[in-house]
Amino acid sequence: MDRTATLGLPYILGSQAQKHVTHNEALDALDVLVQLTVLDRHLPEPPSEPEEGDRYIVASPATGDWLGREGQIAARQGGVWSFLAPGEGWRAFVTDEATACIFSAGTWQTEAGGIIGASQVVAQQAHGAETRFVLLEEELSLSGASADTTTTIPNRAIVFAVTTRTTEPISGAASYDCGIAGEIDKYGGSLGIAAGSTNSGVTGPTAFYADTPIRLTANGAPFSGGKVRVAIHALLCSPSTS
């Protein structure tokens, strides 16, 4: 047996010439696998300008230099691509999704729980259909009768709540409402203007069919200053990618 049982790292044999070659091959493999992080898992072909040390999970159907490497870890080392086939239970952090994946039953699957970020996949099938929770946040400066966020509820999102926190004392208005055009207090009414005031505007799940901003509406008089941090708590359901 000339390789380790789990990672397939090459052993240095007693009578072997150029032992440094085998040693360096093992170090390269460890450099790829230890604390495994990949940039993307949806590319079926290499990026046009890879950088040394870049790692990817090869998507299907693989082409070009990645042909026949579906599901493997592609690593840019020494100006060329090297490949490592994953084993059952291997884990990788996918940076462009801020989520972790686990290799099980022959496919990479999203690993539920534990990842802090603005987006979290909670379920995914092999062909890419997924259920994802998203948390979208914006600090909104206030002036006039109302103010709309530039961050919007995404088209086809299901919203569970919109939460607010007054981060800078509000002037002019006696209070404010949080909602959308046509339902100005959908996520809270007569909310506090003092710094540190918060509200958790929970509702029954509501589906949206267009990108929709959150609107804060002044009560009593127009806004003349202040800031509120607005957070949209929503669910996105995406179809298969293949």
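Computed from the coordinates by the stated procedures, all read-outs in this text should not be read as laboratory data. None of these values were measured; they are calculated from a predicted model. Cβ atoms come from the backbone with ideal geometry, glycine included; neighbour counts cover every protein chain shown.
Length available on full extension from LEU235 to GLU70: 0.36 nm per residue minus the Cα-Cα distance, which gives 56.5 nm. Contact order for the stretch 95-225, expressed relative to its length and based on alpha carbon pairs under 8 Å spaced 6+ residues apart, stands at 26 percent. Per the Debye formula on identical point scatterers at the alpha carbon atoms of the stretch 35-113, with no solvent, log10 I(q)/I(0) at q = 0.13 Å⁻¹ is -0.34. PRE reach from GLU52 (point 7 Å along Cα→Cβ): which of the stretch 68-98 fall under 17 Å by backbone N? Under cut-off, by backbone N: 75-82. Take every Cα pair under 8 Å whose residues are at least 6 apart in sequence, average their separation, divide by the length of the stretch 35-113, and the relative contact order is 25 percent. Between ALA118 and GLU183, full extension at 0.36 nm per residue minus the direct alpha carbon distance yields a gain of 20.8 nm. Centre-to-centre, using Cα atoms only, the stretch 140-172 and the stretch 75-107 are separated by 38 Å.
For PHE83 and ILE158 in the same chain, what is the full-extension length gain: residue separation times 0.36 nm, less their Cα-Cα distance, in nm?
Net length gain for the segment: 23.0 nm.
Can you classify the stretch 61-170 as rounded, prolate or oblate using the Cα gyration tensor, where a ≥ b ≥ c are the square roots of its eigenvalues, rounded means a/c under 1.5, and otherwise it's prolate if a/b beats b/c and oblate if not?
prolate
When a/c is below 1.5 the answer is rounded, else prolate if a/b is larger than b/c, else oblate, so apply that to the stretch 134-238 with a ≥ b ≥ c taken from the square roots of the Cα gyration tensor eigenvalues. Note, shape of the stretch 134-238 comes out prolate. So the label point goes 7 Å from the Cα of PHE93 along Cα→C-beta, right? Which residues of the stretch 38-77 then have their backbone N under 13 Å from it? In the stretch 38-77, the label zone of PHE93 (backbone N under 13 Å from the point 7 Å along Cα→Cβ) covers 38-39.
For CYS178, CYS237, the sequence from fewest to most other C-beta atoms within 10 Å is CYS237, CYS178.
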